[in-house]
Amino acid sequence: MIRLENFTKEYTRDKPILDYVNLVVSRGEWCMITGPSGTGKTTLLFVLGFLDPGNLGSYCLDDRLISQDGRFAIKDKELALLRMKKVGFLFQDSRLLPYLNVLDNVSFPHWLYYGNRAEAKKKAMFYLEAFGLEALKTRKVQGLSAGEKHRVALARALINEPEIILADEPTGNLDGLNSQRLMKHLQEIHDRGTTIIMVTHDKSLLSFGDKEFSLNKKV
Ligand SMILES: Nc1ncnc2c1ncn2[C@@H]1O[C@H](COP(=O)(O)OP(=O)(O)OP(=O)(O)O)[C@@H](O)[C@H]1O
Ligand SMILES: [Mg+2]
């Protein structure tokens, strides 16, 4: 279970972006994050993905303290390992590594975590096949379509079988068909018990979620 208590993050002194946020997401839940541009949705995902300890308040995952009052409660190396294992990131612009091919992009987090390159490639092939991407495995990611890039990014996010998927407007630059496809994949992942936290501006997607957490503009 994810629990943020009185969580505050400010980039500029006394101008909090996240202002005493209280958020609980149970294991296996799908939580949609909404709110106008600039209200801290991406910042919130960075916090939940152990990339930012914030300034005040606490973040607990499965009753383990991750950060408190601006400091991580876990040492860097363990935190990096925990991130690689627990969390899969999905960004609006997919953020694949342009100089690697599709197979290497997907297998990389597994190789990094478990240290066995052959095993990582085998696992990556499993996900490439699952998403109909096997024919693209040797392609550099630069020339892929937006929809293909998103499916590659989803395969990469899943390869270490994370408990949590953090998705930042994952359909933001997809056409209707590719958006539907991606949502179908996310739905299947959710049905298998993965927690999903997804930022979206698209009201028609809210019904995929179990609940909505809305961030408001500061006055
Ligand atoms: N590294 C940073 N340094 C200073 N300010 C930042 C930094 N990152 C984000 N901000 C500011 O914090 C605010 C929240 O940013 P964030 O990216 O979390 O918003 P968002 O809700 O995701 O917006 P959008 O819907 O446009 O993606 C913005 O005003 C942004 O300019
Ligand atoms: Mg954002």
Residues of region 27-41 satisfying the condition of being surrounded by 17 or more Cβ atoms within 10 Å (Cβ to Cβ), within 7 Å of ligand 1 (Cβ to nearest atom) and at negative phi:
T39, K41
Yes or no: region 137-158 includes at least one residue that is more than 29 Å from I33 (Cα to Cα) and either in contact with a Cys (Cβ under 9 Å, 6 or more places away or on another chain) or among the β-branched types (V, I, T) (or both).
yes
So D14 ticks every box in (1) modelled with pLDDT under 95; (2) touching a Leu at 6+ places or on another chain (Cβ under 9 Å) but one. Which box is left unticked?
(2)
Report, by residue number, each residue of region 64-80 that is closer than 15 Å to L4 by Cα, more than 16 Å from ligand 1 (Cβ to nearest atom) and touching a strand residue (DSSP E or B) at 6+ places or on another chain (Cβ under 8 Å).
L65, I66, S67, Q68, D69, F72, A73
Please count how many residues of region 187-210 are surrounded by 13 or more Cβ atoms within 10 Å (Cβ to Cβ), of a type outside the set (S, T, N, Q) and either more than 17 Å from S94 (Cβ to Cβ) or in contact with a strand residue (DSSP E or B) (Cβ under 6 Å, 6 or more places away or on another chain) (or both).
12
Which ones in region 179-216 are within 24 Å of I17 (Cα to Cα) and of a type in the set (K, R)?
K203, K211
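The values are calculated or read from the model by the stated rules, or taken from the named source; none is laboratory data. These numbers were taken from a predicted model, which means no experiment stands behind them. Methodologically, a virtual Cβ is constructed for each residue, glycine included, from the backbone with ideal geometry; neighbour enumeration extends over all protein chains shown.
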